[in-house]
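The values are calculated or read from the model by the stated rules, or taken from the named source; none is laboratory data. For clarity, every value in this text was computed on a predicted model and none was experimentally measured. Note: ideal-geometry Cβ built from the backbone for every residue, glycine included; neighbour counts use all protein chains shown.
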Amino acid sequence: RHEAKRSTKVLHALLHGLALVIALVGIIAVFESHRTKGIPDMYSLHSWCGMAAFVLYLLQWLLGCGFFLLPGASFSLRGWYKPQHVFFGIALFVLSIAACLLGITEMLLFNIR
């Protein structure tokens, strides 16, 4: 049971780490596209929500790895942090959806003639 739980935690961290890398590639692509087209960066609510989601997601991932994968955290500390980790994970999921919806709305509004 303990080994299966550890493997699940490692897989969880790896998949979220991969998601962070993919998000970073997307952010770099957006900044590069804006640079080549002369579009200002971070000019919309979509931009700010997306960047906030990315930075908070990175922080959530780092804290999660620190508390749950590294051997230094005590079981009582892990027990204290787990509800926060779950709550902020759900909150970040909702913030990410909001950023996506803002981007779709922004694109639709820019294309109305």
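General observations
- Of all residues in the stretch 55-101, those being more than 16 Å from the chain's Cα centre (by Cα), in a helix (DSSP H, G or I) and among the aliphatic types (A, V, I, L, M) number 1.
- Residue within the stretch 3-24 that is surrounded by 10 or more Cβ atoms within 10 Å (Cβ to Cβ), within 28 Å of residue 110 (Cβ to Cβ), modelled with pLDDT of 95 or more and among the small types (Gly, Ala, Ser) present: yes
- Counted residues, the stretch 20-54 - those being without any contact (Cβ under 8 Å) to a residue 24 or more places away in the chain and part of a helix (DSSP H, G or I): 16
- Whenever a residue of the stretch 2-15 is within 21 Å of residue 62 (Cβ to Cβ) and in contact (Cβ under 8 Å) with a residue 12 or more places away in the chain, its partners that are aromatic (Phe, Trp, Tyr) and assigned to a helix (DSSP H, G or I), lying with C-beta atoms within less than 7 angstrom and at least six residues away or across chains, give the pairs 9/68.
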